[in-house]
Amino acid sequence: IIVAGVLLVFASGIAIAADTDNHDITISVSAVYMLAINEFGGAVTLSIGDPLNAGEAPTATANTGTELFYTVVATGTDTVGINVSVAASDIPSGLSLGVTVTPGAGGAGDKGTGGTTIWIDDTGTTGTPVVTGISSCYTDTTPDDGAEIKYELLSDGTAQPVASDTITVTYTLTY
């Protein structure tokens, strides 16, 4: 009788078992703010060339072989921007550096709005926005998917010859 009772308990336990079950998992997502520069076209070199004819302004050059890559997981409704900075002492008198950053088609999310050229002269700039309105996104890391950086060098007609000089351009994610 005792053995029959034990068998009945085990049998009824099996008979009432469910065919589905569930459990909880814990997730977390960290805020991420990352930025990198890639010079796909090699080091950036700009020069002011000879005009075609006497009396014309010296010719400007441009370079578009550089891209910004960024990954952002923004907190709440925060929007993020990218600012550019150049020290005043980096740009020789009479020259202006044009910086245009245009988010590409790669990646996903809202990569912000750019495309406006910022002109920086020998007074420099600290934290001038070049891309605004970024929310959670990533640009991808293949050529033409990141945010294209276009650099232009112009002379106002008063520039002196420069054999070679280095301008340090700094990009900063702001949030």
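The values are calculated or read from the model by the stated rules, or taken from the named source; none is laboratory data. Nothing here was measured: the structure is a model prediction, and the numbers come from that model. A quick note on method: Cβ atoms are made from the backbone with ideal geometry, for glycine too, and the neighbour counts reach across all protein chains shown. Quick note on the areas: whole protein, heavy atoms, side chains included, nothing else; ligands and nucleic acids left out. Shrake-Rupley method; radii C 1.70, N 1.55, O 1.52, S 1.80 Å.
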Legend entry - Within segment 109-137, considering residues that are under 19 Å from Val73 (Cα atoms) and among the hydrophobic types (A, V, I, L, M, F, W, C), the one surrounded by the fewest Cβ atoms within 10 Å (Cβ to Cβ): Cys137
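Here are some residues: Gly81, Gly98, Gly106. Which one is in a loop (DSSP other than H, G, I, E, B) and either open to solvent by 20 Å² or more (accessible area, probe 1.4 Å) or not hydroxyl-bearing (Ser, Thr, Tyr) (or both)? If you could, list the steps in order and put the result at the bottom.
Values: Gly81 fails: in a loop (DSSP other than H, G, I, E, B); Gly98 fails: in a loop (DSSP other than H, G, I, E, B).
Only one candidate qualifies: Gly106.
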Legend entry - Answer residue from segment 40-72, given it is of a type in the set (Ser, Thr, Tyr) and free of Cβ contacts under 8 Å to residues at least 40 places away in the same chain and is most open to solvent (accessible area, probe 1.4 Å) among those: Thr45
Legend entry - Thr158 being within 20 Å of Gly41 (Cα to Cα), assigned to a loop (DSSP other than H, G, I, E, B), out of contact with any Phe, Trp or Tyr (no Cβ under 7 Å at 6 or more places or on another chain) and modelled with pLDDT under 95: no
Legend entry - Failed item, numbered, when Ala31 is tested on (1) open to solvent by 100 Å² or more (accessible area, probe 1.4 Å); (2) more than 30 Å from Val162 (Cα to Cα): (1)
Legend entry - Pairs, first more than 17 Å from Leu35 (Cβ to Cβ) in segment 91-112, second assigned to a strand (DSSP E or B) and among the acidic types (Asp, Glu), C-beta under 6 Å, six or more apart: Gly98/Glu152
Inset, instruction - Can you give me the number of residues within segment 134-175 that are more than 25 Å from Asp110 (Cα to Cα) and in contact with a Gly (Cβ under 8 Å, 6 or more places away or on another chain)? - result: 9
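With respect to Asp145, determine if the residue is assigned to a loop (DSSP other than H, G, I, E, B), closer than 15 Å to Leu68 by Cβ and modelled with pLDDT under 95.
Working: assigned to a loop (DSSP other than H, G, I, E, B): yes; closer than 15 Å to Leu68 by Cβ: yes; modelled with pLDDT under 95: yes.
In short, yes.
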